[in-house]
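Read the figures in this text as sums done on the coordinates, not as results from a lab. Everything quoted here is computed from the prediction, not taken from an experiment. Positions of Cβ are backbone-derived with ideal geometry, glycine not excepted, and every protein chain shown enters the neighbour counts.
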Ligand code: ATR
């Protein structure tokens, strides 16, 4: 019998995780099955209990269950504890270990694939919701010159900056306070692209950055990527690479073997482009 894993979400039909993990398993010769499971919005705990009852060994967790997965974990990795959200669960010695691989996935995509040495760089993180919170500790771990968190609602950005201040140089700003400054790397962790909304950012800020990165992805440019290109950004990337890297990090935790991500990303990219 092969080992069972799954991804939980609501909705889940669109998830690329089953294809990614199937590719990783084939590449590394791991005997495992990986399913997409739709968990009821009001009973994630029940869905999780069913996975363990079915003999499951681990799971990925996506929207809207990452905070609940955090609460239901018996033990947490330090980065999951900091993120207050869990995207990876792993059964270890009868206990549920909760991890968060999102930030590590982002950092790996930026540093390995996009060849940005983040140490000493000025990083601007847009947004202060769950997606932003999940990547702050790993971004500070690469020792940027400054990590600026900018958000429409200033109080949420300030709360995050305060919560992570012990890990490195981090500050909070309103969007309106960004004018006249520049950053090396700009990362969008807002959900504005989902609504097709433009962020009210100065064009110069996007044009000055060495890399503008959207944690979202789609068949073509996201609205934020289009905004950055129109503003004159030198290099623009979406979050498909982050998706594959966070999966690789989860896979390594479960199976103790690190898959090669480039061919899997290339395959996903071709499928997305149709
Ligand atoms: P997630 O878990 O994806 O981060 P979230 O917790 O709902 O989702 O957070 C959404 C983020 O996108 C927030 O930072 C939100 O800004 P506010 O805190 O001011 O609400 C940001 N966001 C969403 N739509 C936006 C828009 N049109 N313009 C600017 N920021 C937006």
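Here the helices (runs of 4 or more DSSP H) wholly within the stretch 1-119 that include at least 1 residues being over 23 Å from residue 237 (Cβ atoms) and in contact (Cβ under 8 Å) with a residue 40 or more places away in the chain are 17-28, 44-53, 66-72, 78-83.
For (1) touching a helix residue (DSSP H, G or I) at 6+ places or on another chain (Cβ under 6 Å); (2) closer than 22 Å to residue 4 by Cβ; (3) away from the ligand (no atom under 13 Å from the Cβ), each residue gets a yes or a no:
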position	(1), (2), (3)
65	yes, yes, no
79	yes, no, yes
91	no, yes, yes
96	no, yes, yes
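Residue pairs whose Cβ atoms lie under 7 Å apart, sitting 6 or more positions apart in sequence or on different chains, and linking a residue in the stretch 181-203 that is more than 18 Å from residue 240 (Cβ to Cβ) and free of Cβ contacts under 8 Å to residues at least 40 places away in the same chain to a partner that is away from the ligand (no atom under 14 Å from the Cβ) and assigned to a helix (DSSP H, G or I), are 203/231.
Being free of Cβ contacts under 8 Å to residues at least 12 places away in the same chain and part of a helix (DSSP H, G or I): is that true of residue 133 here? Taking the combined requirement at face value, the residue does not satisfy it.
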